[in-house]
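Please read the structure below before turning to the comments.
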Amino acid sequence: MSIIAIPSVPLPATVRQSLLPLDREQWREHEHFLTSDARALLRNHGALKRQARQYHGALTHLLNLRDQDLGTGETQELARVIQQHLQGLLRNLHSHHGFEDSSVFPAFKLQHPRLSAAIELMEQDHQALDQLLEVLHLRSQQSAQALRLRSEVESARLEADHLEQMLHGHMQNEEEILVPVYLTYG
């Protein structure tokens, strides 16, 4: 797998200047937090990052096993469950990003033109993330037998590392862009 560019954190200064001035520490105390899309976005991001962490953790567990334990029936059942988990994670990520690409981002560009450069950065992140998701999709289609080889588990964990880094950086930036607008404008 080639290295895919990870989103920059923090956002570039030129983009940061276009954002609404509402610090992250103020979000949960904002009067509209409980009724806004901000809460749903943060909860969704948290769930996606948790799923990615669980996938990464399961692969780390496999790597910590002795070579002779990688081929056991119990470990192969675990590998099958890990692949099912990855498939669910991929479905959730595609759904989340697809909704943003088709609805959220176009609406933000139209209603908040000052955020166009920031939204374009998020769209670029989605394109980079799509490349990694394609690699992970291919991984999810392999037989669970592939994870009996330490080299395959190491490759899968490296991909999971990249996914976690990309999600963390992208979602942090996306929240900085979207949440203040959700809280300010409802």
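The values are calculated or read from the model by the stated rules, or taken from the named source; none is laboratory data. Just so it is clear, the structure is predicted and the values come from calculations on it, not from any experiment. Counting neighbours? That spans all protein chains shown, and the Cβs are built from the backbone with ideal geometry, glycine included. The area values use the complete protein model at the heavy-atom level, side chains included, leaving out ligands, DNA and RNA. Shrake-Rupley method; radii C 1.70, N 1.55, O 1.52, S 1.80 Å.
The calculated FRET efficiency for Glu25 paired with Gln131, based on their beta-carbon distance and R0 = 45 Å, is about 0.85. Considering only Leu78, Ala38, Gln172, and ranking their Cα positions along the charge dipole of the chain that arises from unit charges at the beta-carbon of Lys, Arg, Asp and Glu, the one farthest toward the positive end is Leu78.
Tell me what the chain gives for mean residue ellipticity at 222 nm when only DSSP H runs of n ≥ 4 count, each as -39,500 (n - 2.57), the sum divided by the residue total, rounded to 500 deg cm²/dmol.
Helix contribution divided over all residues of the chain: -24000 deg cm²/dmol.
Which FRET efficiency value, to the nearest 0.05, do you get for Thr184 and Ser143 by plugging their Cβ-Cβ distance into 1/(1 + (r/R0)^6) with R0 = 35 Å?
In this case the efficiency is close to 0.10.
Summary value for the chain: 49 percent relative contact order, contacts being C-alpha pairs under 8 angstrom separated by 6+ residues. Rounded to the nearest 20, the Cβ-based charge dipole of the chain about its Cα centre (Lys and Arg +1, Asp and Glu -1) stands at 240 debye.
Comparing Ala144, Leu48, Pro10 along the charge dipole axis of the chain, the residue lying farthest to the positive side is Ala144, per the Cβ-charge model.
When the residues Arg150, Arg28 are ordered by accessible surface, computed with a 1.4 Å probe over the protein chains alone, the sequence from largest down reads Arg28, Arg150.
One decimal place: the segment Leu63-Ser103 gains 10.4 nm when fully extended, by the rule 0.36 nm per residue minus the C-alpha distance.
Simple spin-label estimate for Leu110 and Gln165 gives 3.7 nm between the two label positions (7 Å along the Cα-to-Cβ direction from each Cα). Dividing the Cα radius of gyration of segment 84-186 by 2.2 N^0.38 Å, with N the residue count, gives 1.27.
Charge dipole (Cα centre; +1 on Lys/Arg Cβ, -1 on Asp/Glu Cβ; no other charges) of segment 19-77 amounts to roughly 120 debye. Compactness of the chain, taken as the C-alpha radius of gyration over 2.2 N^0.38 Å, stands at 1.16.
Taking the Cα centre of segment 117-186 as reference, the dipole from Cβ charges on Lys and Arg (+1) and Asp and Glu (-1) amounts to some 440 debye.
Surface listing: Ser95, Ser36 arranged by accessible area from highest to lowest gives Ser95, Ser36, probe 1.4 Å.
When the residues Arg148, Arg114 are ordered by accessible surface, computed with a 1.4 Å probe over the protein chains alone, the sequence from largest down reads Arg114, Arg148. Put a dot 7 Å past the Cα of Thr14, heading toward its Cβ, do the same for Glu77, and the two dots end up 5.6 nm apart.
One chain, two ends: Thr35 and His85. Fully extended at 0.36 nm per residue, the span grows by 14.9 nm beyond their Cα-Cα distance.
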